[in-house]
Structures are given as structure tokens and as C-alpha cells.
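The values are calculated or read from the model by the stated rules, or taken from the named source; none is laboratory data. Predicted model, so just to flag it, every value in this text is computed and none were measured. Every residue, glycine as well, gets a Cβ built from its backbone with ideal geometry; the counts of neighbours run over all protein chains shown.
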Amino acid sequence: MLGMMAWNDGEGGSLLAPWRVYTPQDDTQLLTQALDREHVPAGAAVLDVGTGAGALALAAARRGARVTAVDRTYRAVLATRLNARLARLHVEVLRGDLFAPVVGRRFDLVVSNPPYVPTPGEVPRRHRAAVAWDAGADGRLLLDRICRSAHTLLRPGGVLLLVHSALCGITPTLAGLERSGLEARVTDRRLVPFGPVLRSRGAWLRERGLVDADEEKEELVIIRAERPR
């Protein structure tokens, strides 16, 4: 089932999203603002990994970029294709696991808002809405894979913009990207109230030492990593 959701993309637009597809939230907004600061010339090749309903892909396409969007669920692929058509924007939308659909290709800019919520149990639940945010016991199930492989997708001088929660560790992300040869740094931070998922896992998060007893907010970060020329 498709439903209309409100999302201020800076262009007065809104998106259609089916149930189980990640809807834009604070992390999407923070990443969109980081995208706005990047020099994205007309014709630049942009990749949106884990596109969800396509908010970031459409934001890049509005800047004249040649955009490819990837997601592993059929629902997200359908939603992004539909939203691009409604916005009269061209976006190539591919289904697959992370970078698998674009192996061998190079991009000027890669943006990603992957699942990053620490999850009881090692493997995230499948075929449910939780697949859009659950990311293993430490929240790094996909983040570590992105850190290892992102450099293979970037042209010299290309940039990766990645958003995630500090709950799953900022230092491991920076270290992983730097080990792959990228120059990485935190450019943005934002404190946001716990949503329903984190509130429901409060006791488990406290038990693991990921949050304090009275903590009710998480820190989101944008990490910018550049491949040297």
C-alpha cells in the first residue's frame, strides 16, 4: 500500500512511500543539508545507497546530477521510481545489496543513510519494516562493509557522505574509511530525541552500556570522506 508522507525537500515536494520503506527523518534532513554544501556540477555522477523512498536521490537529481539509486527491497525501488516520475526527474534505480549493482562503476559523490540501529541478536529481522534500521548487535552490520568498499566507487577527488548514530561508534567509521585510503572527518552533529525503536530498546541499550540511565537523545553525525586525487 502506498501512502503520502510530508517531507520538506527544499523544493516544496513530497514523497510517496509504501509500508516498510524507510521514511525521511532527521538523519535524511541532516544528510540533505550536507549534500547541499557539496559542489555537484551538472552531469556529475551521484550514487544513493539505501535510497528508501528516494529523497536524497531526488535532491541530487534536482541539481542536475546523473543519479543512480540502489536499495535491496522491491518496495523501495518501486517507491523511488514512482517518486522520480512524479517529480519529472531521471533517476536510475537498481535493486541489490549495497554496491553490488554498480560494481566497476565510479562516482563523483556517494551518499548513504544505511541501517545503523543496534539490534538485539546478530542478524536483523527480514521482511519487516525493521530491515530499514536494524543493523546487528553493534549497529555496524552494513557500516563496516561501506567503510571497506566505498573507495572502489569513488573517482579521484570523489566524496562519500555517510550519516549514522554515535551509538554505533564514530571512531570505527573514521578508522575504517582511512584504512581504505580515504580522508575522513565528522562535519555535522545533531542531537535528536529517541524515537519509538530506541525507546523500546532502552533497557537493552543501558545493559550494553550504549546509553546512560537518564539518556533520552542520540547524536547523529555526518562523516565526509574524500578519495585523494
Just one of Gly50, Gly54 is within 24 Å of Ala225 (Cβ to Cβ), out of contact with any Phe, Trp or Tyr (no Cβ under 9 Å at 6 or more places or on another chain) and modelled with pLDDT under 95; which is it? Gly54
Residues that are over 18 Å from Arg62 (Cβ atoms), among the β-branched types (Val, Ile, Thr) and touching a helix residue (DSSP H, G or I) at 6+ places or on another chain (Cβ under 7 Å), drawn from region 14-44: Val21
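Scan region 48-73 for residues that are at negative phi and within 17 Å of the chain's Cα centre (by Cα) and report the count. Break it down stepwise before answering.
Filtering region 48-73 for residues at negative phi gives 48-49, 51, 53, 55-63, 65-73.
Now drop any that are not within 17 Å of the chain's Cα centre (by Cα), which leaves 48-49, 51, 53, 55-61, 67-73.
Here the count works out to 18.
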Among the residues of region 145-183, write down those that are surrounded by 21 or more Cβ atoms within 10 Å (Cβ to Cβ) and within 16 Å of Leu109 (Cβ to Cβ). Ile146, Ala150, Leu153, Leu154, Gly158, Val159, Leu160, Leu161, Leu162, Val163, Leu177, Leu182
